[in-house]
Amino acid sequence: MKIVQTLEDLREERSKMTGPVGLVPTMGFLHAGHISLVKQAVKECANVVVSIYVNPTQFSPTEDFASYPRDLDRDAALLKEAGATLVWAPTDAVMYPSGYQTYVNVEDVTKVLEGAMRPTHFRGVTTVVAKLFNAVQPDKAFFGQKDAQQVAVLSRMVKDLNFNLEMVVCPIVREKDGLALSSRNTYLDTAQRQAALVLSRALRKAREIFINGERESQKIRSEMEKIFTGEPAAKVQYISIADTQSLLEVEWIETQALVSMAVYIGKTRLIDNTILGKPDPALDKSSGLVL
Ligand code: AMP
């Protein structure tokens, strides 16, 4: 496994690759969620490129860009072990050299949910991912369902801008007790880590009542809200029940719906989601999850 920084070195390594190329974009500080994407990519592609880049344009000035955890040496060891072929860890000067002025913007699907709370976020995500796609020229790109709106936005971009690649979406990896893995979990102290279980508890409740026949979004949302009432350390920013493609809110669930949420535990903002009407083994009863 090689590690490169510059665009020239990346292109040289890419030109030597034969067979399918998979790309796994990350911001580093890798955990088992990231590694599950890499392992899926290794299964499907002869070559697996992992990008590690904390992209400044997707953070607002009040967010955690400066404090976002970074550890390239540890990441490289984990990626080597997982079977990645190449790591691309560009600098800001490589990605946004002086004079940079081009951005990619996806319209409607970026205006709701995370986009409503973080208005400049997806413009940064689509811009950097379009640059990664252009540079790496992958056949397949691997993303986590953990960032459900990111998947919807990038899938739209791939179609609209004719990127010649397949988007592969991998399931959310959770701790045994239900907490979705996230690099931001490192901000939580022991009590907050315990309080953070309320997110998966609420999702599990939503799944239970949906499976028992409830189709009215408001009823499902109010059951979830009750669960949050029992956890004073959690401040809910939004709970959404939305169409899985447009991400617009639905009042009544016909077949499937995305239940997603953003919740503050102290200063740490956590997101989580599940798709009702689709199996979610890590959340359903048979998983043996301790909730
Ligand atoms: P990030 O480094 O947070 O930008 O995440 C890089 C990729 O890993 C994104 O496609 C995320 O959706 C995915 N990811 C992050 N956490 C998880 C998780 N717990 N399970 C599965 N995929 C994840």
3 or more residues under 20 Å from the mean Cα position of the chain (by Cα): qualifying strands (runs of 3 or more DSSP E) within the range 33-152: 47-52, 140-144
Pairs, first within 20 Å of residue 90 (Cα to Cα) in the range 17-38, second more than 7 Å from the ligand (Cβ to nearest atom) and among the basic types (Lys, Arg), C-beta under 7 Å, six or more apart: 22/140; 28/70; 29/70
Selected residue (only one of 122, 142 is within 29 Å of residue 3 (Cβ to Cβ) and touching a strand residue (DSSP E or B) at 6+ places or on another chain (Cβ under 8 Å)): 142
Close pairs from the range 133-155: first without any contact (Cβ under 8 Å) to a residue 60 or more places away in the chain, partner in a strand (DSSP E or B), Cβ under 6 Å, at least 6 apart: 151/143; 151/169; 155/167
Search result, residues across the range 3-13 that are farther than 17 Å from residue 79 by Cβ and in contact (Cβ under 8 Å) with a residue 12 or more places away in the chain: 6, 7, 11
Where a residue in the range 99-123 is of a type in the set (Lys, Arg) and its partner, wherever it lies, is part of a loop (DSSP other than H, G, I, E, B), with Cβ under 8 Å and at least six apart: 118/60; 118/63; 123/103; 123/104; 123/105
Residue list for the range 153-186, restricted to those being part of a loop (DSSP other than H, G, I, E, B) and either out of contact with any Leu (no Cβ under 9 Å at 6 or more places or on another chain) or away from the ligand (no atom under 11 Å from the Cβ) (or both): 161, 162, 163, 164, 165, 171, 176, 177, 178, 181
The range 166-184: number of residues that are free of Cβ contacts under 8 Å to residues at least 60 places away in the same chain, in contact with an Asp or Glu (Cβ under 9 Å, 6 or more places away or on another chain) and of a type outside the set (D, E, K, R): 1
Residue identified as surrounded by fewer than 20 Cβ atoms within 10 Å (Cβ to Cβ) and modelled with pLDDT under 95 among 184, 156: 184
Where residue 23 falls short, out of the listed (1) closer than 16 Å to residue 134 by Cα; (2) in a helix (DSSP H, G or I): (2)
Exclusive hit being touching a Lys or Arg at 6+ places or on another chain (Cβ under 7 Å), among the β-branched types (Val, Ile, Thr) and within 28 Å of residue 8 (Cβ to Cβ), set 128, 106, 136: 136
Those strands (runs of 3 or more DSSP E) lying entirely in the range 212-291 with at least 3 residues touching an Asp or Glu at 6+ places or on another chain (Cβ under 8 Å): 234-242, 257-265
Selection within the range 58-95 - closer than 14 Å to residue 34 by Cβ, free of Cβ contacts under 8 Å to residues at least 24 places away in the same chain and either surrounded by 13 or more Cβ atoms within 10 Å (Cβ to Cβ) or of a type in the set (Gly, Ala, Ser) (or both): 77
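The values are calculated or read from the model by the stated rules, or taken from the named source; none is laboratory data. No experiment lies behind these values; they were computed from the predicted model shown. Cβ atoms come from the backbone with ideal geometry, glycine included; neighbour counts cover every protein chain shown.
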